[in-house]
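Here's the structure, in structure tokens; my notes come after.
The values are calculated or read from the model by the stated rules, or taken from the named source; none is laboratory data. Owing to the predicted nature of the structure, the values given are computational and were not obtained by experimental measurement. A quick note on method: Cβ atoms are made from the backbone with ideal geometry, for glycine too, and the neighbour counts reach across all protein chains shown.
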Amino acid sequence: MRILLTGAGGQIGRDLIAELVRRAPAADPPTIVATDLRPPPAAVTADDPPGVSWRGLDVVDEAATRALIADVRPDLVFHLAAILSAKGETEPQLAYAVNQTGTWNVLEACRATGVPRLVFTSSIAVYGPGLPDPTPDDVPLHPTTMYGATKAAGELLCEYYTRRGWVDCRGVRFPGLISAGLPGGGSSDYALFMYVDGVRRGAYEAFCRADTRIPLMYMPDGVRALAEIAEAPRDRLRRCIYNLAGFSPRADEIAASVGRAVPGVAITYAPEPLRQAILDSWPSALDDRAAATDWGWRARFDLDAMTDDLVPRIRALLARTGAAGA
Ligand code: SER
């Protein structure tokens, strides 16, 4: 199986690569081409499993995207490249180019090359305020950010390409994802930094209110969801894009969970208007029963299980990189 990832240098890519390699039969390991604007340095990718290679790709560049996908001829594409919500509000033109034009370019390149299957990463950010709680899959979409608008449009394009029989697209709406790897420009990053800075510095000043509540998901569940929806038989899927619920703690409940694993950690709150407004526009919980029914989705981690797994991982990472106490 030949698999191509866009935006593989972002928050999801390297965890997804590890999950794809772990799931594959030992006798038939996948060939994985990981692409990003600037592939990570060799020091970062040196431990990649055999069969993984990195190539530079700007998905905004239509000709380069077509040429690379035609050259690799993947059986499966994971389209991860995106500018996240907060960064997208400071650079909306860039967010449109990467998220909208980039998605179009990747879909067109897949169609032209005959790539059979593509997995799209959508987000809670497709939703706007005032929706039922928990929010089901099918409600009016009125996103308040460029990121959300482009993700909603990307979902529709995926449905269209699937309906036309051009590319079998399927995807998930992720909650805010939490892992030991640092994200860039997301509004849900406060949750991740409670862990990373909580371990690294013993303190973190969150850019949101203590009562902020959005859906979150631990990365091992997130990458397993991507692998499982990629593997799901088409005739089991009654829709193209599925909510994933994860769990929905208040910010101060996350802080309390971190405090259990990192005694004495000091987490304070200094809400920043832009990111707080984005967070307040998102649902506090999602309904993911369609994913459970159609492709057997079930999250394994709740808040405390994530804390117990993640804190030792961050400690190990900091010890390896010598950044402890930095
Ligand atoms: N984590 C993303 C963000 O905060 C949401 O999908 O932008």
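Of the residues making up the stretch 198-207, those that are in contact with a Ser or Thr (Cβ under 8 Å, 6 or more places away or on another chain) and either within 14 Å of the ligand (Cβ to nearest atom) or polar (S, T, N, Q) (or both) number 1.
Screening E89, E108 for residues that are more than 16 Å from the ligand (Cβ to nearest atom), surrounded by 17 or more Cβ atoms within 10 Å (Cβ to Cβ) and more than 24 Å from A290 (Cβ to Cβ) leaves exactly one candidate, E108. For the stretch 113-171, the set of residues classified as among the aliphatic types (A, V, I, L, M) and over 19 Å from the mean Cα position of the chain (by Cα) consists of V115, L131, V139, L141, V167, listed by residue number.
When R224, R209, R238 are checked against the criterion of being basic (K, R), part of a loop (DSSP other than H, G, I, E, B) and crowded, with 16+ Cβ neighbours inside 10 Å, a single residue qualifies: R209.
Answer with yes or no whether P40 is more than 26 Å from I241 (Cα to Cα), without any contact (Cβ under 8 Å) to a residue 24 or more places away in the chain and in a loop (DSSP other than H, G, I, E, B). Considered against the rule, which asks whether it is more than 26 Å from I241 (Cα to Cα), without any contact (Cβ under 8 Å) to a residue 24 or more places away in the chain and in a loop (DSSP other than H, G, I, E, B), P40 comes out as no.
Residue selection: Q100 fails the criterion of being in a helix (DSSP H, G or I) and without any contact (Cβ under 8 Å) to a residue 12 or more places away in the chain. The criterion of being in contact (Cβ under 8 Å) with a residue 24 or more places away in the chain, under 22 Å from A227 (Cα atoms) and part of a loop (DSSP other than H, G, I, E, B) holds for D28.
Condition test on Y161, is it in contact with a Cys (Cβ under 8 Å, 6 or more places away or on another chain), farther than 22 Å from R313 by Cα and part of a helix (DSSP H, G or I)?
Values: in contact with a Cys (Cβ under 8 Å, 6 or more places away or on another chain): yes; farther than 22 Å from R313 by Cα: yes; part of a helix (DSSP H, G or I): yes.
Answer is yes for this residue.
Here's a check for you: in the stretch 27-57, which residue that is hydrophobic (A, V, I, L, M, F, W, C) and at pLDDT 90 or above is surrounded by the most Cβ atoms within 10 Å (Cβ to Cβ)? It would help to see each step written out before you state the result.
Filtering the stretch 27-57 down to residues hydrophobic (A, V, I, L, M, F, W, C) leaves 27, 32-34, 37, 42-44, 46, 52, 54, 57.
Retained after the next criterion (residues that are at pLDDT 90 or above): 27, 32-34, 37, 52, 54, 57.
Values: A27: 5, I32: 27, V33: 23, A34: 26, L37: 16, V52: 22, W54: 21, L57: 29.
Among residues in the stretch 27-57 that are hydrophobic (A, V, I, L, M, F, W, C) and at pLDDT 90 or above, the one surrounded by the most Cβ atoms within 10 Å (Cβ to Cβ) is L57.
Within the stretch 283-298, the set of residues being in a loop (DSSP other than H, G, I, E, B), surrounded by fewer than 22 Cβ atoms within 10 Å (Cβ to Cβ) and in contact (Cβ under 8 Å) with a residue 24 or more places away in the chain comprises S284, A285, D287, G296. Comparison of I69, I83 shows that the only residue that is assigned to a loop (DSSP other than H, G, I, E, B) and of a type in the set (V, I, T) is I83.
Residues in the stretch 112-152 that are among the hydrophobic types (A, V, I, L, M, F, W, C) and either farther than 24 Å from Q93 by Cα or away from the ligand (no atom under 13 Å from the Cβ) (or both): A112, V115, L118, V119, L131, V139, L141. Identify, please: which residue in the stretch 153-197 is among the aromatic types (F, W, Y) and touching a residue at least 24 places away in the same chain (Cβ under 8 Å) and is, among those, farthest from the ligand (Cβ to nearest atom)? Ranking the qualifying residues of the stretch 153-197, first place goes to W166.
Checking each residue in the stretch 246-264 for being within 17 Å of the chain's Cα centre (by Cα) and either surrounded by fewer than 22 Cβ atoms within 10 Å (Cβ to Cβ) or not small (G, A, S) (or both) picks out F247, S248.
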